[in-house]
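Engineer: Below you will find the structure I want to go over with you.
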Amino acid sequence: MKLYGEPKKKTAVCIAAGGMALVLLFCVQIRRDKERIREADVSDLTEEATLVFVIDEVTPGEYIRVEGYAYVAGESIHTVDQRVLLYDAQENRYYEIPTQLKAREELNQTDEDKKNYSGGGFLAKVKTAALKKDCSEYEICVAYRSDGHRMLAHSNRMLDGREAGEL
């Protein structure tokens with residue numbers, strides 16, 4: 001007895017398996033892209049203004065986590081675009097690492113001028129194995145392009161957590 005439904009089921013299963021494989025490859029590519037370190041162009045970051053820039057914590061491990069915040073004192077944050085950069089002084093190059101914005105409501109608690117700084121928080125993560133050099137060779141910086149500003153700020157803190165110049 002011939003079953004006419006069998007070839008249709010096989011075709012449907014093959015199409016579904018192929019579609020799932022494509023979705024899986026797409027997800028893997030997105031994850032790899034999110035973990036990628038890119039050389040950063042900082043030529044537009046020429047503004048000289050006072051940026052409050054603090055690194056709260058640098059946590060080592062398979063992924064190095066950098067937590068902190070940045071904002072311009074006296075100005076509420078309306079649009080946020082800030083990225084954590086790693087500066088290699090030997091090569092005089094900046095590298096952008098994956099950065100997530102993080103709401104920091106406590107930044108408003110210490111301010112007496114009633115400005116909204118809560119959008120100034122960030123969390124950046126970089127896979128240690130993805131670095132070309134030892135983490136002690138990179139200074140943590142921020143590219144601040146929020147609310148029309150164009151600033152580059154150096155933290156004087158290295159990616160291994162120590163202050164620049166400390167041994």
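The values are calculated or read from the model by the stated rules, or taken from the named source; none is laboratory data. Please read these numbers as outputs of a predicted model, since none were measured by experiment. Cβ coordinates were reconstructed from backbone atoms using ideal geometry, including for glycine residues, and neighbour counts include every protein chain displayed. When the accessible area is computed, the model is the full protein with side chains, heavy atoms only, and any ligands, DNA or RNA have been set aside. Shrake-Rupley method; radii C 1.70, N 1.55, O 1.52, S 1.80 Å.
Engineer: Any idea of the accessible area per residue across the range 59-113, 1.4 Å probe, to the nearest Å²? If you can, show how the numbers build up before the last one.
Structural biologist: Values: 3100 Å² over 55 residues.
Result: 56 Å² per residue.
Engineer: Sticking to Cα atoms, compute the Rg of the range 61-167 to one decimal and its Dmax as the biggest Cα-Cα distance, whole number, in Å.
Structural biologist: For the range 61-167, the Cα-based Rg and Dmax read 14.5, 43 Å.
Engineer: Need one number: nm distance between label points at Val52 and Ala73, each 7 Å from Cα along Cα→Cβ, rounded to one decimal.
Structural biologist: A separation of 0.8 nm, rounded to one decimal place.
Engineer: Pick out, in residue order, every one of the trypsin sites (Lys or Arg not before Pro) in the range 129-167 that is DSSP loop and has at most 16 other C-beta atoms within 10 Å; say none if there are none.
Structural biologist: Passing sites in the range 129-167 are Lys132, Lys133, Arg150, Arg162.
Engineer: Which value in nm describes the separation of the simple spin-label points at Glu91 and Thr11, placed 7 Å from the Cα toward the beta carbon?
Structural biologist: 5.3
Engineer: Which residue, Thr79, Leu51, Val66, has the largest displacement toward the positive end of the dipole of the range 40-85 when charges sit on each Cβ (Lys, Arg +1; Asp, Glu -1)?
Structural biologist: Selected residue: Val66.
Engineer: Enter the Cα centre distance for the pair the range 66-107 and the range 128-167, rounded to the nearest angstrom.
Structural biologist: Result: 10 Å between the Cα centres.
Engineer: Follow-up question, since we're still on this one. Looking at the range 78-167, which GluC sites (Glu not before Pro) are in a loop (DSSP not H, G, I, E or B) and have at most 11 other Cβ atoms within 10 Å?
Structural biologist: Taking the range 78-167 and a limit of 11 other Cβ atoms within 10 Å, the loop GluC sites (Glu not before Pro) found are Glu105, Glu112, Glu166.
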